[in-house]
1. Which of the residues that make up the stretch 50-94 are open to solvent by less than 20 Å² (accessible area, probe 1.4 Å), modelled with pLDDT under 85 and part of a loop (DSSP other than H, G, I, E, B)?
2. Filter the stretch 310-346 down to residues that are part of a loop (DSSP other than H, G, I, E, B) and surrounded by 18 or more Cβ atoms within 10 Å (Cβ to Cβ) and give me whichever is farthest from the chain's Cα centre (by Cα).
3. For the stretch 285-292, indicate whether the set of residues that are open to solvent by 10 Å² or more (accessible area, probe 1.4 Å), assigned to a helix (DSSP H, G or I) and modelled with pLDDT under 95 is non-empty.
4. How many of the residues making up the stretch 375-417 are modelled with pLDDT of 95 or more, surrounded by fewer than 20 Cβ atoms within 10 Å (Cβ to Cβ) and outside any strand (DSSP E or B)?
5. Spot the failing condition for T334; the list is (1) touching a strand residue (DSSP E or B) at 6+ places or on another chain (Cβ under 7 Å); (2) of a type in the set (S, T, Y); (3) modelled with pLDDT under 95, and only one is missed.
6. Identify the single condition in (1) part of a strand (DSSP E or B); (2) at pLDDT below 60 that P98 does not satisfy, given that it satisfies every other one.
7. For L293, all conditions in the list (1) of a type outside the set (S, T, N, Q); (2) under 29 Å from N18 (Cα atoms); (3) touching a strand residue (DSSP E or B) at 6+ places or on another chain (Cβ under 6 Å) hold save one; what is the number of the exception?
8. Condition check: part of a helix (DSSP H, G or I), in contact (Cβ under 8 Å) with a residue 12 or more places away in the chain, open to solvent by less than 30 Å² (accessible area, probe 1.4 Å) and closer than 18 Å to V388 by Cα. Does A259 satisfy that?
Amino acid sequence: MPISILMPALSPTMTEGNLIKWLKKEGDSVKAGDVLAEIETDKATMEVEAVDEGTLGRIVIPAGTEQVAVNSVIALLLEEGEDAASLNKAAAAPQAKPTEAKAADAPSSKVISITAPEKSTPTSLQKATNAGERVFASPLARRLAEHTNVDLHTISGTGPHGRIVKLDVESATKSPKPAGGTTIAPVYGESGYIDLPLNNIRKVTAKRLTESKQQVPHFYLTTDCTLDALLALRSDLNARLEDEKISVNDFIIRATALALLKVPEANVSWQETFLRQYQSADIAVAVAIKDGLITPIIRAADQKSLRQISGQMKTLAEKARSGKLAPEEFQGGTFTISNLGMYGITHFGAIINPPQACILAVGKGEQRPVIKDGQIQIATLMTCTLSVDHRAVDGATGAGFLAAFKELIEDPLQLLI
């Protein structure tokens, strides 16, 4: 009996994934440990390795298929000496299919629909609304319209070229129809528009951050840190290093971890019926990748040297950008840092990464005039804003953490101890 290769659950929150690419083709021999395919989870694109040996007898789910349920059969593996005829028996087993509904309405992952408004846009849309003429609608929209008794001739489509999609029918069932039975089509500029498909990372990020902004009561604390001593120390340290160079962000990671040791009440998460206080400062660092945002984690950053943090951060950032992070490398952080200083941003407030209670937004270090000993002087300042979940951390605790962080940044020799 052929071995069924199943869609794996590559993260605790994964219920389905996109099968991006097959790296073996039917008829290829497979050894344990061979990379079979690339799967896009709700967090990253990951490689799937074979655990058995044999010949790839049949690819059940083709490359490019989206929303394949976890534990679905995606391929069949023939063991040594097994006849290909046995594939038909195995194929009779239940197989998950991509969600037809979403596949019908969601933009294809391979095709980007480029739509330019036609000169006669109002006329073309009007044609679609005239009873008796052809209506352009997705299969799902037609089925939904049939079940909800919506006349497709009375609504306008917002899909490519005015195609009616599921959302249009749902809107028609929820909203009262305008007087006279007419609808107003959206108006776009002469240059048209591009509908870009959403990958899983973007979808999950959008969902989680929307929930965070809506359900987590944020408050914000801001302070300016003087960077001159840190920059001088960094320059001195890097002059002694041959290859690896320590970045300002490495100092910030270490300072954050040590500040959390001084103020452990900020190293917590809200759990609805209790507070969870962490024993280790596992610092997540936001990294921008082409598909969105991901937060690789420096575990126990309080126990690591600047050089160790620097090396580990470079490795994690590279793996994040190539989509090779393992789940344990980006799940389970206790505190997040988001640094936009390298983009020239001087100040911003970040959205909390739940269930964590705090996120530190770091701006650009820049020279500014300051008053010192009654004299105007020039100093390099870096503005940092702490976003806080008020359910878990009070204002005084947040301020205490920020004060401890500022002290460490402005007296960076403490970061070497």
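1. Hit for the stretch 50-94 is A50, nothing else.
2. T334
3. No, every residue in the stretch 285-292 fails to be open to solvent by 10 Å² or more (accessible area, probe 1.4 Å), assigned to a helix (DSSP H, G or I) and modelled with pLDDT under 95.
4. Of the residues in that region, 16 qualify.
5. (3)
6. Condition not satisfied by P98: (1).
7. L293 satisfies all of (1) of a type outside the set (S, T, N, Q); (2) under 29 Å from N18 (Cα atoms); (3) touching a strand residue (DSSP E or B) at 6+ places or on another chain (Cβ under 6 Å) except (3).
8. yes
The values are calculated or read from the model by the stated rules, or taken from the named source; none is laboratory data. Here the structure is a predicted model, which is why all the values come from computation and not from measurement. Using ideal geometry, Cβ is built from the backbone for each residue, glycine included, and neighbour counts are taken over all protein chains shown. Calculation scope for accessible area: heavy atoms of the full protein, side chains included, ligands and nucleic acids excluded. Shrake-Rupley method; radii C 1.70, N 1.55, O 1.52, S 1.80 Å.
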